[in-house]
Amino acid sequence: MFQISVPCTDGNHLETVYELDDFPYFRCLFLDVIRTHKQKSYIALPATFDIETTTVIPEDPSERPFAFCYQWQFCLNGWVCFGRRLEEFIEFLERLSHEMHLTEERKLVIYVHNFPYEFSFLRSWLPMQHVFALDKRKPVRAEAMEGKFEFRCSYALSNMTLKKFCENSQGVIHSKLSGEDFNYDKIRTPETKLTEEELAYCYNDVKGLEECLMDLLRSDTIKSIPMTSTGYVRRDFRKAMKENMRNRENFEATKLDAVLFNMLHDAFRGGDTHGNIYHSNVTLEGVGSRDIASSYPFQLMVRLFPMGKFTKVSPDWLRKHTAIRRKYAYIFKVYLENFRYVGTCGNPYIAISKLHARKNIINDNGRALKGSGWLTVTDIDWKIISHEYEWDRMIIDGDIYISKYGELPPEFKSQVMKYFTGKTFLKGDPDQVYEYMKSKNKLNSSYGMCVTNPCKPEIEYDEQSGEFSDQKIPDGMTELDFFQDLLDKFYKSKNSFLPYQWGVWCTCHARLQLREMLWKIGEYNVYEDTDSIKFLEPEVIQPLFEEENEKLKTLAIKYGAYAQDRKGRTLYMGQWDDDGSYKRFKTLGAKKYLYEENDGSFHATIAGVNKKVGSAYFQKHGFQAFENGTKLDNSGHLVAYYNDEMQLHEIEVNGCKILNGSNTALVNGSYTIGLTGEYLDLFERALRKESLVFLE
């Protein structure tokens, strides 16, 4: 046992740190217990755990980087324990288990922020059972020591970095300390003496996380707390929907079969992101920017969605029933032969990733300017494609599925508005930052829960090999039968309440709102991303947005999609808010752009590059460096090297012998701005003002 000085939000605190042999194990026996309906129980308080690691990059480039643990910290009921080796942590858990009388029916929950990382080190030491993973190498829950301990991921629970989690929780004084001075590149071993500043950093990582969790447990228990951040939102909406029993009947009436689900899944697309080729790879001056306020929640509030069972109609329906088509949501597969983009906004709509059996494609940064191929489309997709493309021939494959349009249930909309009202009223209040962030995060998650894939196979974990794999289709069962079985279970579950098709149409509506504005702007469009547009000559274009806002305001009023802020001003969902203007702007395609503010500050958005790092780099090197081939030696993102050797083995680093096993080495990654030759060729054609479609 020893004491260290720890920086806190209210000044430095002298804190006690326990070690393996003096931790107050016996006092843990008296912690409260919560029982479940299955005669199992949890210790009422959560524990927290974290490790510090060193990554070694061998001089021989043919050898893989590897990592090892040199320090661990554990917190329970405010008592913090430090250790230097993972074998000590295993002994610590064994002692804790014995003193607390833990069993499979009486377990302790241990939260780890970014559990997948710690999991990769622990699995060689602790056989993990009942692993639940969102994806391969992304476990969010696992049991160890015959179910006595249940590890959970607090990052999945909060969807925030630990720093943000601490900032957005009440009662946290042991905030995450800055790691900028920690020097992660330094080689530390279990024998390296750590400074008091380094020890304080380790202390706050588990103590601060415990305080975040205790804040959440004000309104939950260790039993009821969700596994992920979306779980809170799903729970609120499920409760709201249960207020009307007809919602369950309507949900069951929307049941999909495996064939239709596959069509919907194929048609599903997210946000619309693209750069106008005619304004790309050039530095522009005086660029305006607008974005949609609460775009996805707005669609949920004011748009129509497929509300009943999908039925089959023949392809002739599309031609014969033009007068009533607007009353139906529909989806079908279509082949377009020799299609070509004829739009004016410079943003081809057809995504090449959604084209099947494609040929003769002219690729504009992932979008098809010209070609032939099959794709699955909704009525909204078809409206956009029909507006922006011409073709020589079209063939509809099979039947068209139709469902009558209707509004989402009032109980669903009411819950959306609770979040929006809370966010709007609390915004800007310095005393309500915590409540504001909760409402904002929940509002943003309202759409996310709608696109949960009910047919996503479970991720299976092999305890012996340490490998993750997709759930295998049982012998004798086809993939279609397998999906149908998953769908049957989804609709049978009383916890299910959201038709998958609502999520599909939500993004469709959002893309259409973006498109309708792009059609008005035309060639002035520069770049768009999901709910925002950047454009030339703001003095000319801004009035078009204001004109559109009046129409959107009327729509928001009609459906009650508005709320008052704390100053009594009415804010409407779906408005094109003015996001300012840029002194200079340059894009190299989707998720690659740089702009300079009027005050001279640079801001870079490049997929794969940390925004802060990228902005600082181009602040120094200027717009001329933002081009194909530019290499950022430090991208601000880490590259993970997975070392899956499950067998424990001894390594030696700086004379220190360490028992090591499976691990993940994190290495600072470089990033080179890369553009394909095909895309560069389009740049050249655009500069010459040549046609991008009809030239071969």
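The values are calculated or read from the model by the stated rules, or taken from the named source; none is laboratory data. A quick note: this is a predicted structure, and the numbers were derived from the prediction, not measured. Glycine also receives a Cβ, built like all others from the backbone with ideal geometry; neighbour counts cover every protein chain displayed. Side chains included, ligands, DNA and RNA excluded: accessible areas come from the protein's heavy atoms. Shrake-Rupley method; radii C 1.70, N 1.55, O 1.52, S 1.80 Å.
If I fit a long axis through the Cα atoms of helix 538-559 and take the longest principal axis of the Cα atoms of the chain, what angle between them do I get, 0 to 90°, rounded to 10?
Roughly 80 degrees, rounded to the nearest 10.
With Cβ to Cβ distances under 13 Å as the rule, what net charge do the other residues near residue 129 carry (K, R +1; D, E -1)?
-3
On a 0 to 90° scale, report how tilted helix 433-448 is relative to the longest principal axis of the chain, with both axes built from alpha carbons and the result rounded to the nearest 10.
Value to nearest ten degrees: 60.
The stretch 634-657 to the stretch 43-99: how many Å between their Cα centroids?
Here the two parts' Cα centres lie 14 Å apart.
What is the distance, in nm, between label points placed 7 Å from the Cα along the Cα-to-Cβ direction at residue 255 and at residue 180?
In this crude label model, residue 255 to residue 180 measures out at 5.8 nm.
Which of the peptides 165-172, 448-455, 308-315, 8-15 is most tightly packed, and how do the rest follow, judged by the mean count of other Cβ atoms within 10 Å per residue? The partial results should precede the final answer.
Numbers: 165-172: 19.0, 448-455: 17.5, 308-315: 15.4, 8-15: 12.1.
Descending mean neighbour count gives 165-172, 448-455, 308-315, 8-15.
Hey, can you find the accessible area per residue of the chain for me, probe 1.4 Å, expressed in square angstrom?
Numbers: 31780 Å² over 696 residues.
For the chain, the per-residue accessible area is 46 Å².
Figure the gain on full extension for residue 88 and residue 322 (residue separation times 0.36 nm, minus the Cα-Cα span) and round it to one decimal in nm. If you can, show how the numbers build up before the last one.
Numbers: separation 234, 0.36 × 234 = 84.24 nm, distance 7.28 nm.
Net length gain for the segment: 77.0 nm.
Can you tell me the relative contact order of the chain? Whole percent, Cα pairs under 8 Å, sequence separation 6 or more.
Working: 1317 pairs, mean separation 108.5, N = 696.
Here the relative contact order equals 16 percent.
What's the ranking of 556-566, 330-340 by average number of surrounding C-beta atoms within 10 Å, highest first?
Numbers: 556-566: 16.3, 330-340: 20.1.
The densest-packed peptide leads the list: 330-340, 556-566.
Residue separation times 0.36 nm, minus the C-alpha to C-alpha distance between residue 1 and residue 34: what's the value? List each step's numbers first, then the result.
Values: separation 33, 0.36 × 33 = 11.88 nm, distance 3.06 nm.
Net length gain for the segment: 8.8 nm.
Enter the Cα centre distance for the pair the stretch 209-261 and the stretch 397-432, rounded to the nearest angstrom.
That distance is 15 Å.
By a straight-distance test (C-alpha under 19 Å), which aspartates and glutamates pair with residue 40 as possible cross-link partners, with residues fewer than eight away in the same chain excluded?
32, 99, 104, 105, 143, 146, 150, 220
Using +1 at the Cβ of each Lys and Arg and -1 at the Cβ of each Asp and Glu in the stretch 1-55, identify which of 42, 16, 3 lies farthest towards the dipole's positive end.
42
Taking the Cα atoms only, what angle lies between the long axis of helix 258-267 and the longest principal axis of the chain, rounded to 10 degrees?
Approximately 80 degrees, to the nearest ten.
Under 21 Å from the Cα of residue 186, which lysines turn up, not counting those fewer than eight places away in the same chain?
Partners within reach: 176, 657.
Quick one: of 327/567; 148/242; 327/494; 440/591; 138/327, which pairs are farther than 32 Å apart, Cα to Cα? Write out the running numbers ahead of the final one.
Numbers: 327/567 40 Å; 148/242 35 Å; 327/494 30 Å; 440/591 24 Å; 138/327 42 Å.
Listed pairs above 32 Å: 327/567; 148/242; 138/327.
Can you pick out the pairs among 38/413; 164/423; 438/492 whose Cα atoms lie more than 25 Å from each other? Before the final figure, lay out each step's value.
On the way: 38/413 35 Å; 164/423 18 Å; 438/492 31 Å.
In this structure, 38/413; 438/492 exceed 25 Å between Cα atoms.
Measure off 7 Å from each Cα along the Cα-to-Cβ vector at residue 471 and residue 597, then give the distance between these two points in nanometres to one decimal.
For the pair residue 471/residue 597, the computed spacing is 4.8 nm.
Within 10 Å, count the other beta carbons around each residue, average over each peptide in 253-261, 584-592, 484-492, and list them highest first. Walk me through the intermediate numbers first.
Working: 253-261: 17.6, 584-592: 21.8, 484-492: 15.2.
Order by mean packing, descending: 584-592, 253-261, 484-492.
For the stretch 588-628 and the stretch 445-481, compute the distance between their C-alpha centroids and round to whole Å.
38 Å
Given the options 452, 305, 127, identify the residue whose Cα lies farthest towards the positive end of the charge dipole of the chain (+1 on Cβ of Lys, Arg; -1 on Cβ of Asp, Glu).
So the residue furthest toward the plus end is 305.
List the lysines whose alpha-carbon lies under 22 Å from that of residue 136, not counting same-chain residues fewer than 8 positions away?
Excluding near neighbours in sequence, the set is 456, 472.
Of [x] 40.5; [y] 34.2; [z] 36.0, which one was derived for mean projected area of the Cα convex hull in nm² from the structure shown?
It is the value labelled [y].
A 19 angstrom limit on the alpha carbon distance is what I want to check against. Which of 354/383; 312/333; 586/620; 163/427 exceed it? Spell out each step's value before the answer.
Details: 354/383 17 Å; 312/333 13 Å; 586/620 16 Å; 163/427 21 Å.
163/427, as the Cα separations exceed 19 Å there.
Is there a quick way to get the dipole size of the chain? I mean about its Cα centre, with the Cβ of Lys and Arg at +1 and of Asp and Glu at -1; what is the value in debye to the nearest 20? Could you put the intermediate results ahead of the total?
Values: 89 positive and 100 negative charges, 660 e Å.
I would put it at about 3180 debye.
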